Amino acid sequence: MNKIIVLLFLLTNFADFDVKSDQFITRQGQVSFFSYTSVENIEAKNNQVLSIIDLSKNEIAVSMLMNAFIFKKSLMHEHFNESYIESDLYPKATFEGRIVDFDPLATGAQTKMIQGALTIHGITKEIEIKTTIQDMNGSYLLTGDFEVAVKDFDIKIPPILAPNIAKIISITFRFEYRPYEK
Amino acid sequence: MSINAQNLLDTLEKEYPDIPQYEIATFKATRISIGHSIENRKKGVLEVVAMNRFWNIPNYRGQSFVADKLSARIALEYGISDRLTFGAGGSTLDGIFDGFLKYKLIRQRSDGKGSPLSVTLFQNGSYRSKKRNRPFFMDVNRFDDFSDKLAFTSQLLVARKFTPQFSMQISPTYIHRSSSAFEEDPNNQFAIGAGARYKLGGHVSIVSEYYYVINPLKSVDTYDAFSLGVNWELSDVMLQFQLTNTRGMVEDAFITQTPNNFNFKDGNLVFGFNAIFVLHLHQKQK
């Protein structure tokens, strides 16, 4: 009788162990953007980007605070938040999408497309991003870059400053995911 | 077992760390229009400031270009830390040299917690090197020795950004003049300033400022300083235009010693133009 109880106990315990989380999160994701023009180069980096992936459904979500972007010049930070992105009204940029044909069993790097909706400045655009996914013993590294057009997101640039800001902004990202524990 | 019925973005929403969020740019420039705002520049930022005032002389028959009279203040203002600014300048009118320290004491939080106001302390000292040579407006201080020509202004600047467009500031002010040429004039004067800005777009705002003097000078009629202006920012350059009745650009001069009221008569209406160049001497990227 005692043996049966021990066996039951072990069974239930191991069954619990088998329930592996399919969700992976990063709280220090990096997103940088670059605007290169002949007048001036602007670059900024955000090291506090949140992102989560759900491998059971191949879904991904990203969320970041716009005022967490760090610029070389403090005045650029103020202008970015105050005059362009209007982070008073739209504090966050988010992305919600799906990793197409992701194979969780594959080892090493795989290059996949992510399809989803990117929201900046309150405006949502459907985009496709090419990403490299690396499996590193139970954690995942996602890297990639893509470009967005400033005018797609209704960001107003006065004509006199138009030469200072690129029409197309390039964005790079690097997310290192760890298993998500609630 | 919980199924991930929940949206992934909602999950992330709960993961944001509780970092205090502060309001930025309650005002765009370190001055609202004529007086100081609660804003200061970040560490390592140098502002090169050129302030100009233009006005006409009543019934003057001369042929000056644009305006009869011009006064200018050239100043350098440097961010010692993110909260402390030091500045020094010289004005052509009355030859006033001034130096100031400005410290941001309390920052308004934008996340609904903490302080609903921003508070900045301002202290300056000014030295009046030239005797005034203006008709009907005598000097109110003595010029016997160095300390006679000094004046000090202390301000408590309190501001709140009510909406992304609208900010307001109240500035209780104490001004001490080291010497008085006339016995009836107070050496210690108190004033209350009020200023506001309304943002018309990302880069342009309209501003107004008013200083009410509680115990004005007695030997001469003075009027409260008033200003109506437009501020325009262009990347590293800030332009401030104003219509005002003040010609001085140092606090003790324009708050307590403005000899004319605000109206559109020649000699009373002053057109002002501040150009501020912002240089980042200490560039950092964490």
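Taking the Cα centre of segment B:84-196 as the origin and placing charges on Cβ (Lys, Arg +1; Asp, Glu -1), which of B:Leu150, B:Phe162, B:Phe190 is farthest toward the positive end of the dipole? Of the options given, the answer is B:Phe162.
In plain terms, if you count all Cα to Cα distances in segment B:26-94 and split them into 10 Å steps from zero, the share in each step is 18, 39, 23, 14, 5, 0 percent. Taking every alpha-carbon pair under 8 Å whose residues sit at least 6 apart, segment A:69-182 reaches a relative contact order of 19 percent. Determine the alpha carbon to alpha carbon distance for each of A:Lys57/A:Lys167; A:Lys73/B:Lys161; B:Lys104/B:Lys199; B:Lys42/B:Lys161 and list only those over 25 Å. From A:Lys57/A:Lys167; A:Lys73/B:Lys161; B:Lys104/B:Lys199; B:Lys42/B:Lys161, over 25 Å: A:Lys57/A:Lys167.
Amide H contacts of B:Ser110: B:Gln21, B:Tyr22, B:Glu23, each under 5 Å away and 5 or more positions distant or on a separate chain (H built 1.01 Å from N in the peptide plane; Pro and chain starts excluded). Each helix, a run of at least 4 DSSP H residues, gives -39500 (n - 2.57); summed and divided by the residues of chain B, these come to -1000 deg cm²/dmol at 222 nm. By the helix-only formula, in which each DSSP H run with n ≥ 4 contributes -39500 (n - 2.57) and the sum is divided by residues, chain A has a 222 nm mean residue ellipticity of -4000 deg cm²/dmol. Translational diffusion of chain A was estimated from the Stokes-Einstein equation, with Rh taken as the Kirkwood radius over Cα pairs; at 37 °C and 0.692 mPa s the coefficient is 178 µm²/s. Under a 5 Å amide H cut-off, with hydrogens placed 1.01 Å from N, A:Asp22 pairs with nothing among residues at least 5 apart or on other chains. Computed over the Cα atoms of segment B:71-115, the ratio of the radius of gyration to the Kirkwood radius (Rg/Rh) comes to 1.22. The fraction of all Cα pairs in the protein assembly as shown landing in successive 20 Å bins from 0 to the largest distance is 21, 41, 23, 11, 3, 0, given as whole percents. A viscosity of 0.692 mPa s and a temperature of 37 °C, combined with the Kirkwood radius over Cα pairs in Stokes-Einstein, give a translational diffusion coefficient for segment B:1-128 of 178 µm²/s. Under 20 Å of direct C-alpha separation, and excluding same-chain neighbours fewer than eight residues apart, A:Lys112 reaches these aspartates and glutamates: A:Asp22, A:Asp54, A:Glu59, A:Glu96, A:Asp101, A:Asp103, A:Glu126, A:Glu128, A:Asp135, A:Asp145, A:Glu147, A:Glu176. Each of A:Glu126, B:Glu77 has some number of other Cβ atoms within 10 Å of its Cβ, and from fewest to most they run A:Glu126, B:Glu77.
Each Lys and Arg adds +1 at its Cβ and each Asp and Glu adds -1 at its Cβ; summed about the Cα centre, the protein assembly as shown shows a dipole of about 980 debye. Quick one: grab the alpha carbon gyration tensor of segment A:89-156, order the square roots of its eigenvalues as a ≥ b ≥ c, and give me rounded if a/c is under 1.5, else prolate or oblate depending on whether a/b is larger than b/c. Note, shape of segment A:89-156 comes out prolate. Only one residue of B:Trp232, B:Ile214, B:Ala25 has its Cα farthest out toward the positive end of the dipole of chain B, where Lys and Arg carry +1 and Asp and Glu -1 on Cβ, and that residue is B:Trp232. Counting Cβ atoms of other protein chains within 10 Å of each Cβ in A:114-120 and taking the mean gives 0. Note: relative contact order over segment B:1-134, using C-alpha pairs below 8 Å and six or more positions apart, is 20 percent. Across chain B, Cα pairs under 8 Å and at least six residues apart give a relative contact order of 18 percent. Between segment B:175-193 and segment A:128-182, the C-alpha centres lie 60 angstrom from each other. Footprinting exposure proxy ranking of A:His77, B:His203, B:His36, fewest other C-beta atoms within 10 angstrom first, gives A:His77, B:His203, B:His36. A simple rule links phi to the HN-Hα coupling: the Karplus curve 6.51 cos²θ - 1.76 cosθ + 1.60 with θ = phi - 60°, which for segment B:187-193 gives 7, 10, 10, 10, 8, 10, x Hz, with x for Gly and Pro.
If you fit an axis through the alpha-carbon atoms of helix A:2-18 and take the longest principal axis of the Cα set of chain A, what angle between them do you get, 0 to 90°, nearest 10? So the helix axis and the longest Cα principal axis differ by about 20 degrees. A DSSP coil position with no more than 12 other Cβ atoms inside 10 Å describes the following chymotrypsin sites (Phe, Trp or Tyr not before Pro) in segment B:30-92: B:Tyr60, B:Phe65.
Values quoted throughout were computed directly from the atomic coordinates according to the rules given, and no laboratory measurement underlies them. Just so it is clear, the structure is predicted and the values come from calculations on it, not from any experiment. Heads up, the Cβs are rebuilt from the backbone with ideal geometry, glycines too, and the neighbour counts pull from every protein chain shown.
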